[in-house]
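S.K.: Pasting in a structure now, in structure tokens, and then I'll have a few things to ask.
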């Protein structure tokens, strides 16, 4: 009788261990890079060689799970020339397959970028590149991202 109870408990313990391990596997899948786009830019302050911009970004989460964002660092290039570096430090959660908008700060030298923009002429598409890393909470580390698009100045 004693061994039958022990076998049942061992079977339950083994079943619980298998369930825990399979649940853990769901969260160890690599996360897909988020899609990030610029949706607005506002000049906060500036001098001839240095400007501070508030850049509004949209982050799309293509994953099947929420992303607990704790920060973001990135570089913006316009027409192949680095425009500046940006960062966001606020924490927020982006739902699975959802979007979130947030503000970031960019420090740039628009004088150099303006020369590059003028060389493209009016109403022509100017390519830009946004690349960096999203920092995540809950021990998920950092996810790199890179987006390329264009705009008309």
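Any read-out appearing in this document is the output of simple, stated calculations on the displayed coordinates, not a laboratory observation. Please read these numbers as outputs of a predicted model, since none were measured by experiment.
S.K.: Where does segment 42-83 land on Rg(C-alpha)/(2.2 N^0.38 Å)?
M.R.: The value comes to 1.61.
S.K.: Under the definition of Cα pairs under 8 Å and six or more residues apart, what whole-number percent is the relative contact order of segment 35-151?
M.R.: Once divided by the residue count of segment 35-151, the mean separation gives 29 percent.
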